[in-house]
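Shown next, in structure tokens, is the structure this report addresses.
The values are calculated or read from the model by the stated rules, or taken from the named source; none is laboratory data. Quick caveat: nothing in here was measured; it's all calculated off a predicted structure. Positions of Cβ are generated from backbone atoms using ideal geometry, with glycine treated the same way; all protein chains shown enter the neighbour counts.
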Amino acid sequence: MEKKNIIELKNITVSFDGEKVLDKLNLSIQDGAFVTFLGRSGCGKTTTLRVIAGFLQPDEGDVFFGDQRVNDVPPYKRPVNTIFQRYALFPHLNVFENIAFGLRVKGAKKEEIEGKVREMLKLVNLEGMEKRKVTNLSGGQQQRVAIARALINRPKVLLLDEPLSALDAKLRKDMQVELRRIQRETGITFIFVTHDQEEALSMSDVVVVMENGQIQQIGSPVDIYNEPKNAFVADFIGESNIIDGIMNRDDTVTFAGHTFVCVDEGFEHNEPVDVVIRPEDVDVVAPGEGMITGLITQATFKGDYYELIVEVKGFKWMVQTTDAYEEGQQIGIVLVPDSIHVMHKSEFSGLYGDYSTFSDEEDVVPPEEE
Ligand SMILES: Nc1ncnc2c1ncn2[C@@H]1O[C@H](COP(=O)(O)OP(=O)(O)O)[C@@H](O)[C@H]1O
Ligand SMILES: [Mg+2]
């Protein structure tokens, strides 16, 4: 049975100071899904959440909850709650009262509040902590209180705007698992925002990749990784070599001076394309035995594999292999049809996918703007 859409965004456009921040956004979100908005800082993730929550009116376009157009419905009348990046708890209230807050505001009866807070404490694994001051809790425990507080009124949709970005790496991993569990147990639709592709892939049913105020791709984590739609998505999700090619006809593509058999279809005859090769999909063989040859310009031992930078006809590939190789060695490269992914050219062609300026440094994530 097909699940119904709980939220639909139709042609949503938002501008600030004459600049388009969201550009004709279209998105359907299925009831009960864990959906993640993934993209760099400034790409429009928070703005999209604000449109859904009703804090911001789009300049154009419609927001639907089920069959109801809600453009004119104020935030407090939408079945939505939000956990912000800074999920300030009420410092003067204990754990119980923080969680109970939303029910008290609604004027719920004492017994109802007791019962529902207990249920929430159990859900977020904070049983026995209800009397504690929130200011004495660890970061992870505070996060759990924030989740319980946001869920006690049983919203249909929970919006989570980079809620884990303030936590250290270990705690962040724990909370990823916890959020996923809580989402499954409650069946509430979660719309989660992150700029971290690993986080998005590991948590979500559906990933929405955003850039330049537009949705670049919507799909399952596996689809997004294996079948990126354009060079931006291929580069943003995991490591990718993105090479200029010509799609001769169905299942046949030429790049790096060789014609390969692939499994891609539906292109024009001799269409210029972007070809994606994941570093782990390259078979390294002896120089004479490959389809193409390359020169290793950098070899780094990574523990369970070697990461090679390999020059092939002036283009630098990243290759991962479990065999030991050294800088200066010639190698052969074999690509089986399944390890080749062909994409149409896009506005992102030529911007990404060459490793000539690659360094081993961690990507530096700029602090979020307010
Ligand atoms: N209230 C606002 N006034 C002016 N510009 C804004 C406002 N809110 C967001 N922006 C701009 O819109 C763009 C998208 O912002 P945002 O949705 O917060 O991005 P993200 O959450 O993906 O980092 C950014 O360039 C940001 O500076
Ligand atoms: Mg944001």
- Of all residues in segment 277-328 being acidic (Asp, Glu) and outside any strand (DSSP E or B), the one that is nearest to Val263 (Cα to Cα): Asp281
- Message: Exactly one condition in (1) touching a helix residue (DSSP H, G or I) at 6+ places or on another chain (Cβ under 6 Å); (2) buried (at least 21 other Cβ atoms within 10 Å of the Cβ) is false for Gln176; which is it?
- Response: (2)
- Item | Residue ID - surrounded by the most Cβ atoms within 10 Å (Cβ to Cβ), chosen from residues in segment 247-266 that are outside any strand (DSSP E or B) and more than 28 Å from the chain's Cα centre (by Cα) | Ala256
- Task: Among the numbered conditions (1) more than 21 Å from Thr82 (Cα to Cα); (2) touching a residue at least 24 places away in the same chain (Cβ under 8 Å); (3) among the acidic types (Asp, Glu), tell me where Glu19 comes up short.
- Result: (2)
- Task: State all residues of segment 5-50 that are basic (Lys, Arg), within 13 Å of ligand 2 (Cβ to nearest atom) and closer than 26 Å to Gly187 by Cα; if no residue qualifies, say none.
- Result: Lys45, Arg50
- Item | The one condition in (1) at positive phi; (2) more than 16 Å from ligand 2 (Cβ to nearest atom) that Tyr76 fails to fulfil | (1)
- When both residues are 6+ apart or on different chains and their Cβ atoms are under 7 Å apart, which pairs have a first residue that lies in segment 46-57 and is not assigned by TED's automatic domain parsing to the domain that holds Pro79, and a second that is more than 13 Å from ligand 2 (Cβ to nearest atom) and in a helix (DSSP H, G or I)? none
- Scanning segment 87-100 for residues that are more than 13 Å from Arg154 (Cα to Cα) and surrounded by 11 or more Cβ atoms within 10 Å (Cβ to Cβ) gives Tyr87, Leu89, Phe90, Leu93, Asn94, Val95, Phe96, Glu97, Asn98
- Message: Out of everything in segment 151-192 that is touching a Phe, Trp or Tyr at 6+ places or on another chain (Cβ under 9 Å), away from ligand 2 (no atom under 16 Å from the Cβ) and part of a loop (DSSP other than H, G, I, E, B), what residue ends up being nearest to Thr36 (Cα to Cα)?
- Response: Lys156
- Task: Give me a count of the residues in segment 202-212 that are outside any strand (DSSP E or B) and under 22 Å from Ile6 (Cα atoms).
- Result: 3
- Message: Here are the criteria: (1) surrounded by 17 or more Cβ atoms within 10 Å (Cβ to Cβ); (2) assigned by TED's automatic domain parsing to the domain that holds Asn153. Tell me which single one Lys229 does not satisfy.
- Response: (2)
- Taking segment 80-132 as the search range and keeping residues that are in a loop (DSSP other than H, G, I, E, B) and touching a residue at least 60 places away in the same chain (Cβ under 8 Å), which one is farthest from ligand 1 (Cβ to nearest atom)? Leu89
